[in-house]
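Following: one structure in structure tokens, then a few remarks.
The values are calculated or read from the model by the stated rules, or taken from the named source; none is laboratory data. Bear in mind the structure is a predicted one, so any value in this text is a computation, not a measurement. Positions of Cβ are backbone-derived with ideal geometry, glycine not excepted, and every protein chain shown enters the neighbour counts. We work out accessible area using only protein heavy atoms, side chains counted, and drop any ligands, DNA or RNA first. Shrake-Rupley method; radii C 1.70, N 1.55, O 1.52, S 1.80 Å.
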Number of protein chains: 2
Amino acid sequence: MAYRRTAAVQERLDATRIRIVSAAHDLVAEHGYAGCSIALVAGAAEVATGSVYRHFPDKGALFAEVFRTSTQREVDAVAAASALPGTVAQRLSRAVETFAHRALASPRLAYALIAEPVDPRVEAERLAYRAAWTDLFAGLVDDGLASGELPGQDPRVSAAAAVGAMAQALVVPLHHGSAEPHVVPELTAFITRSLGASS
Amino acid sequence: MAYRRTAAVQERLDATRIRIVSAAHDLVAEHGYAGCSIALVAGAAEVATGSVYRHFPDKGALFAEVFRTSTQREVDAVAAASALPGTVAQRLSRAVETFAHRALASPRLAYALIAEPVDPRVEAERLAYRAAWTDLFAGLVDDGLASGELPGQDPRVSAAAAVGAMAQALVVPLHHGSAEPHVVPELTAFITRSLGASS
DNA sequence: TCAAAGAATGAATCGGTGTTCACTACTTGC
DNA sequence: GCAAGTAGTGAACACCGATTCATTCTTTGA
């Protein structure tokens, strides 16, 4: 034997992998998924196109990871905001506001993560996270039902509808045109009413 | 001169054009936009691939027309249902129910028209119809504000959110999985509450 | 220093579709 | 029937980006 992958090499490999994912993330956030060719990602990460394939089996796998990590960050942020103590109505408002403000801060990324056309393999990842979003809001509805703060309803349907309302009201319009922050309180009120939370 | 397009020829041309659009519509309704190649459409319409280009300048133009006609039919149906006399709450319920039942009847088509990834040129058409949907619901909200049946709100934001809620709650889930008709009354209640319509 | 093995490269390949166009078939008016 | 002009055809082309792989560059342990 004459070669063995040392810790130093492994570190460099890891760093390169992270640089590739990071570059892909940045490109998506700036230009969207469309127009994110492997060559472009490789260039941004300062590696050769072929090198990308030493870390990911194909394009779908790379962008699935990008979507996974990016969306998880959003879900975590909203979950944290909604987990703080308070009435269900208050927690709901905080969740919507957190989602909205973050989307307004990175509109292109938000559009890419939620609505932009993507490859089937990436779409599968998105589907999984749609479920995560729905679960998050369904949990809030469950809490409201248990405490009697919310009127009878199917938490899954209500949660899916609420997620759709947020996406359409915020993300899709942002795609074409500029941010309109006044939408946030309107949307919060809409969601709060929709689930039957008094205030 | 030795050739002039007679009425008979024009009729045949028109018929062929309609056959192409109709074939494209059927293919979208069955398999979605993805996998609707020009060759497939031509085959279904029983013309050569090149013949499609005697009626449409490119693929985008063909499918833009498919989307336009299909969506207009849906908008018209919902508009008619919501135009019947009654309280705003009643008209709203009828609108949601009409939308929902039609979507459940043709889930693949509904998904294609509302959520499926499409070409930019077709996306532009969709964007225009998103506005049509929003206008329709915004009009209902306007009526409710005027009559005092609905509480103060931005009709545009509420309408966009309501449209998003319908799309997400119905169309997107339908894409993967089977129809669940019990969703309709849940969704109706959700929308009614969200706009602040008492019942 | 050297051989062995892995890592990195990027030009070439490949596959899939939209589009074209040289050609055939048909229609028309004389 | 015939010439002029149009409609219809479908194989060939063009394009584009993902993927491959023969080659070069690095690292390793002796």
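Going residue by residue through the range A:138-152, is there one that turns out to be open to solvent by 20 Å² or more (accessible area, probe 1.4 Å) and of a type in the set (S, T, N, Q)?
The answer is yes, given that some residue of the range A:138-152 is open to solvent by 20 Å² or more (accessible area, probe 1.4 Å) and of a type in the set (S, T, N, Q).
In the range B:113-129, what residues are open to solvent by 40 Å² or more (accessible area, probe 1.4 Å) and within 10 Å of another protein chain (Cβ to nearest Cβ)?
Those that are open to solvent by 40 Å² or more (accessible area, probe 1.4 Å) and within 10 Å of another protein chain (Cβ to nearest Cβ): B:117, B:119, B:120, B:124, B:127.
So which of A:83, A:34 is touching a Pro at 6+ places or on another chain (Cβ under 9 Å) and surrounded by fewer than 16 Cβ atoms within 10 Å (Cβ to Cβ)?
A:34
Can you tell me which residue within the range B:1-22, out of those that are of a type in the set (Lys, Arg) and surrounded by 11 or more Cβ atoms within 10 Å (Cβ to Cβ), is farthest from the chain's Cα centre (by Cα)?
Taking the candidates together, the pick is B:12.
Go through (1) at the interface with chain A (Cβ under 7 Å from one of its Cβ atoms); (2) outside any helix (DSSP H, G or I); (3) without any contact (Cβ under 8 Å) to a residue 12 or more places away in the chain one by one and return the number of the condition residue B:153 breaks.
Condition not satisfied by residue B:153: (3).
Could you list, ordered by first residue, the pairs with Cβ atoms under 9 Å in which the first is in the range A:38-50 and away from every other protein chain (no Cβ under 14 Å) and the second is more than 8 Å from DNA strand D (Cβ to nearest atom) and acidic (Asp, Glu), at least 6 apart or interchain?
Sorted first by the residue in the range A:38-50, then by its partner, the pairs are A:44/A:26.
Quick one: what pairs do we get from the range A:1-13, first residue away from chain B (no Cβ under 14 Å) and within 18 Å of residue A:45 (Cβ to Cβ), second in a loop (DSSP other than H, G, I, E, B) and near DNA strand C (Cβ under 8 Å from one of its atoms), C-beta under 9 Å, 6+ apart or different chains?
Listed pairs, sorted by first residue: A:13/A:5; A:13/A:54; A:13/A:55.
Evaluate the following for residue A:27: is it among the hydrophobic types (A, V, I, L, M, F, W, C), surrounded by 12 or more Cβ atoms within 10 Å (Cβ to Cβ), within 8 Å of DNA strand D (Cβ to nearest atom) and away from every other protein chain (no Cβ under 14 Å)?
no
Would you check if residue B:113 is closer than 24 Å to residue B:134 by Cα and assigned to a helix (DSSP H, G or I)?
Against the criterion (closer than 24 Å to residue B:134 by Cα and assigned to a helix (DSSP H, G or I)), residue B:113 qualifies.
So which of A:63, A:67, A:56, A:99 is open to solvent by less than 40 Å² (accessible area, probe 1.4 Å), within 16 Å of DNA strand C (Cβ to nearest atom) and either modelled with pLDDT of 95 or more or in the same structural domain as residue A:186 (by TED's automatic domain parsing) (or both)?
Unique residue meeting the criteria: A:56.
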